[in-house]
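Below is one structure, written out as C-alpha cells; the observations come after it.
The values are calculated or read from the model by the stated rules, or taken from the named source; none is laboratory data. Quick caveat: nothing in here was measured; it's all calculated off a predicted structure. Because the Cβ atoms are built from the backbone with ideal geometry, glycine has one as well, and the counts that use them run over all protein chains shown. We work out accessible area using only protein heavy atoms, side chains counted, and drop any ligands, DNA or RNA first. Shrake-Rupley method; radii C 1.70, N 1.55, O 1.52, S 1.80 Å.
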Amino acid sequence: FKQADKYLDKFADLMRATIDNSDASIISLQSEISYLDNYLQLEKLRFDEKFNYSITVTNDIDIEKCFVPAMLLQPYVENAIRHGMRFLENKKGLIEINILKENNILVCEIDDNGIGRKKAAELKSNMHIEYQSKGMNISKRRAELYNINQKVIDKEDGQGNADGTLIIVKIPLDFK
C-alpha cells in the first residue's frame, strides 16, 4: 500500500505539471527538470527499480532564468525507458541527463545504457505495438519551430555490440 500511495502521489504531481505546462509554450529550465525528475521517479517505480537515473546541470546555468520549450525532453526520456530500459537484461539500467552550455546554446544530453535502437526495433517488429507515440513527432515539429538541433548516437562497446543511445538536443538560449 505504501508503494501504491507513493506512485499515486507522483502520478498526481505529474498530471498537475502536465496540465500547467501544456498551457505554456516556454517554461523555466527549473520547471522542465522538476517535470523530468517526477516522470523518472514514477517510471522507476513502475519498472520496479530496473534503472537508475541522474540529472546534472553545470553551475554556469541559472535554471530559473533559463527558458526552454515546455516538455521538450520528456519524449526522449520516455523513449530511453520504453525502448532502452524495458527489455534490458543482465545489468541495471542507467539514464543520465546532462545539461550544459556551449556559447549561447543549451546542450541537453540523454544518455542511456539500454539495448540500443536496432535491438529495440527488432523487438518492436516481433510484437504487437501498444500505441503509436505521438510525443516524438510533436518534439520534432517543435524542434523545427524553435530551431533546435537534435542528434542520435547509437553507442557501442569495444566489441561493436549495442551499448545504449545518446540523444543530444541543442536549444538556442534566446527564449524569454
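Summary table
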read-out: DSSP-loop GluC sites (Glu not before Pro) across segment 54-105, with at most 10 other Cβ within 10 angstrom; value: 64, 89
read-out: Gyration tensor verdict on segment 1-110 (Cα atoms; rounded if a/c is under 1.5, prolate if a/b is larger than b/c, oblate otherwise); value: oblate
read-out: Greater than 21 Å apart at Cα, pairs in 44/91; 6/140; 10/101; 44/151; value: 6/140; 10/101; 44/151
read-out: Tail fraction, Cα-Cα pairs, segment 41-176, threshold 26 Å, whole percent; value: 26
read-out: Residue order for 151, 91, 65 - accessible surface, 1.4 angstrom probe, largest first; value: 65, 151, 91
read-out: 12 Å beta-carbon shell around residue 153, net charge (K/R +1, D/E -1); value: -3
read-out: At least 18 Å along the helix axis (C-alpha) and Kyte average at least -1.0, DSSP helices within the chain; value: 2-23, 29-46
read-out: Accessible surface, segment 1-112, averaged per residue in Å² (probe 1.4 Å); value: 53
read-out: Efficiency of FRET between residue 60 and residue 168 - r from beta-carbon atoms, R0 25 angstrom, step 0.05; value: 0.85
read-out: Sulfur and carbon atoms: percent of accessible area, the chain [1.4 Å]; value: 49
read-out: Accessible-area ranking of 19, 168, largest first, probe 1.4 Å; value: 19, 168
